[in-house]
Amino acid sequence: MKKYFSLIFLLFCININASDEAEIKELKEQVKKILSRLEYLENRVAKKEIKIDDSKKVVAIEEPKQNLELTTKETVLSVGGKIELDFNYASLASPLNAKSIAVADAQNSPHQTFNAANSRIWVKTRTPSSYGLIRTLVESDFSGVQGTETNTNSSGLRLRHAYINVGEWSVGQTNSIFNTSTPLELLYTPLNDVFVRQPLIKYSSKNDLFDYDISLEQPETTLLTQDAKIITPKDDIIPDILARARYYPSWGEVAMAIMGRYINQDSYGDFTNKSSAFGWGVNLSAKIKVGYYDDIRFHTTYGVGLGRYVAYNAYPAGYVDASGEIDLQPTYAYSLGYRHWWSKELRSTMALTYAGTKNDEEFLQSIIDKTNINRSVYASHINLLWTPVLNSLIGVEYVKAKRVVESGDEGDMDSAMLRFRYDF
Amino acid sequence: MYFKVSILITLLFFSGCTKTANKNLHEDKSHHINGIMLHLYSEVNNPYKSELDLDDDKIRYAYSISQAIKEFAKESKNFSQKELGIYVSKNKELFEKNLNRLKNKAIEIEDIANRYEVEKLDKKLYELKNICYGCHSDLGVRNEKVF
């Protein structure tokens, strides 16, 4: 509008000063052209072909907050962590995981909890050396030994990571390379999670598009007995051997991990025989970008004797019969999710997850109570995550889950969470 | 039953949410860079990775951003008059100046990635955004939000 007034004023001035009729005519033509051009541009603005900001005001950008750092001549030490509070409301009092959702006649009254035990603190260092960078990390959270909710809600400090990385080698406790590389962005831990954190020795080769890792990791045999219990014989003699390849194309990320493990029991407990077997597994995961911002993520895992690597030990690597003979069983897990960005601050993920195992039918017949032997679990998640300021997260998530056990009983659970989180 | 309903809802969700198309070159490159930055920032919420793994990811994102900015600066000369002409024609000098600042920032980000100075990355990205917003302000272009 201001531009119109300016032009009218200009025309007025021109009229006053013009003495020659021809000159006035020429000037009028020019004004006509200018008005025509202005009208054209305003039409384009109206059609949003071009955008003009009258205020010319710069959008305020939030300056990032940096971690606390101490720097010597060569070493950089950083301290950080997060404060997290989860408000959880569930249709059952039992924990939401693949081996605990209550089935059949179990308690089915709703239960509400607050929990801050997922808060974390970490310290890391970085020092250059002739062998490459030396990096270390120690990280803890408060999900160790849990106290009661009656008075002080104590939560024990728990070691998460403690490892050193020198050039291409990593030694210490950290995440297994068999873990899903492109996890879903969920507030609840997926029931079918392929996730293990354990001591390891790892060699990594990093390139622009491809990464490779090979590692020797902590072995731990888990076997189902005729008492319907999962035992850990502690007779492991060979580390789990793993390899992983990751590919980072412009359209996303793909990772494949393979594993071989030696399952062994050496006359454990009352077993008269020694027995062993070779287990293996494959985990394929991917993230595919959709448009500029959204992505689809999926993973598929299959293996024989996978056991504790899937769904937090809900399924054993195999079973051991009365004489001590081991027979491994297949375990599988799949997930599919879509993450959509509503705006720079708001995003959602919707996901379906599934995990299951094939227990031996003949062996199951020898077990009287099968209500604690898991067959499968599946869940659907939907959430809305908001990042109002950098390093913060406020999120809500709803999950509906079902657990099926070998007795044929099923347990359904609905749960909703509100999370407040700040990374410092 | 609810499982089938979930699948149906997921498919519906998939079907209508992609943002593509009809962007001009400038917008296309801007969205590309913004997309990388959003993925980078959301990685902080990835509870499955250790801090050192996240550092590795941040370095990879830094290279991607640096590369994308270099392409953006290089191709900016190909932006059509229809796209930017109205803004740039009278402020070509200013535009070129901001473009050079952008290219320098891309080099700085790459240097940080080469030296693995992860702690300096956030500040550089902040400076990068300021160059973009500053250029828009100089040329009288509205600072659009991501979407």
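Below are the figures for this structure:
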quantity	calculated
Residue within segment B:114-126 that is more than 10 Å from chain A (Cβ to nearest Cβ), in contact with a helix residue (DSSP H, G or I) (Cβ under 8 Å, 6 or more places away or on another chain) and in a helix (DSSP H, G or I) present	no
Residue in segment A:374-395 that is assigned to a loop (DSSP other than H, G, I, E, B) and touching a helix residue (DSSP H, G or I) at 6+ places or on another chain (Cβ under 8 Å) present	yes
Filter pass, A:Thr189 being in contact with an Asp or Glu (Cβ under 8 Å, 6 or more places away or on another chain) and in a loop (DSSP other than H, G, I, E, B)	no
In segment A:319-340, residue nearest to the chain's Cα centre (by Cα) [restricted to those that are under 22 Å from A:Lys370 (Cα atoms) and among the aliphatic types (A, V, I, L, M)]	A:Ala333
Of all residues making up segment A:132-150, the number that are over 21 Å from the mean Cα position of the chain (by Cα), surrounded by fewer than 19 Cβ atoms within 10 Å (Cβ to Cβ) and either within 10 Å of chain B (Cβ to nearest Cβ) or assigned to a strand (DSSP E or B) (or both)	4
Qualifying residue in segment A:400-421 (condition: within 11 Å of another protein chain (Cβ to nearest Cβ), closer than 26 Å to A:Gln112 by Cβ and either without any contact (Cβ under 8 Å) to a residue 12 or more places away in the chain or among the β-branched types (Val, Ile, Thr) (or both))	no
Residue among B:Leu8, B:Leu25, B:Leu40, B:Leu12 that alone is touching a helix residue (DSSP H, G or I) at 6+ places or on another chain (Cβ under 7 Å) and either surrounded by fewer than 16 Cβ atoms within 10 Å (Cβ to Cβ) or modelled with pLDDT under 75 (or both)	B:Leu25
Flag for A:Ile121 being among the aliphatic types (A, V, I, L, M) and part of a strand (DSSP E or B)	yes
Long-range neighbours under 8 Å by Cβ, at least six apart or interchain, first residue on the phi > 0 side of the Ramachandran plot within segment A:263-279, second of a type in the set (Val, Ile, Thr)	A:Gly269/A:Ile231
Qualifying positions in segment B:43-87 - among the small types (Gly, Ala, Ser), modelled with pLDDT of 85 or more and not in a helix (DSSP H, G or I)	B:Ser50
Hey, A:Leu336 surrounded by 15 or more Cβ atoms within 10 Å (Cβ to Cβ), without any contact (Cβ under 8 Å) to a residue 60 or more places away in the chain, within 14 Å of another protein chain (Cβ to nearest Cβ) and within 21 Å of A:Val194 (Cα to Cα) or not	yes
Leading residue by the ranking (farthest from the other protein chains (Cβ to nearest Cβ)) among those in segment A:229-287 that are surrounded by 15 or more Cβ atoms within 10 Å (Cβ to Cβ) and of a type in the set (Asp, Glu)	A:Asp266
Total residues in segment A:199-228, condition surrounded by fewer than 16 Cβ atoms within 10 Å (Cβ to Cβ) and either in contact with a strand residue (DSSP E or B) (Cβ under 9 Å, 6 or more places away or on another chain) or among the charged types (D, E, K, R) (or both)	14
Criterion: of a type in the set (Lys, Arg), in a strand (DSSP E or B) and closer than 21 Å to A:Leu328 by Cβ - qualifying residue of A:Arg261, A:Arg246	A:Arg261
Number of positions in segment A:174-221 that are more than 14 Å from the chain's Cα centre (by Cα) and hydroxyl-bearing (Ser, Thr, Tyr)	8
Residues that are of a type in the set (S, T, N, Q) and assigned to a strand (DSSP E or B), drawn from segment A:192-233	A:Gln198, A:Ser204, A:Ser205, A:Ser215
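The values are calculated or read from the model by the stated rules, or taken from the named source; none is laboratory data. The structure displayed is predicted, hence computed values, not measured ones. Positions of Cβ are generated from backbone atoms using ideal geometry, with glycine treated the same way; all protein chains shown enter the neighbour counts.
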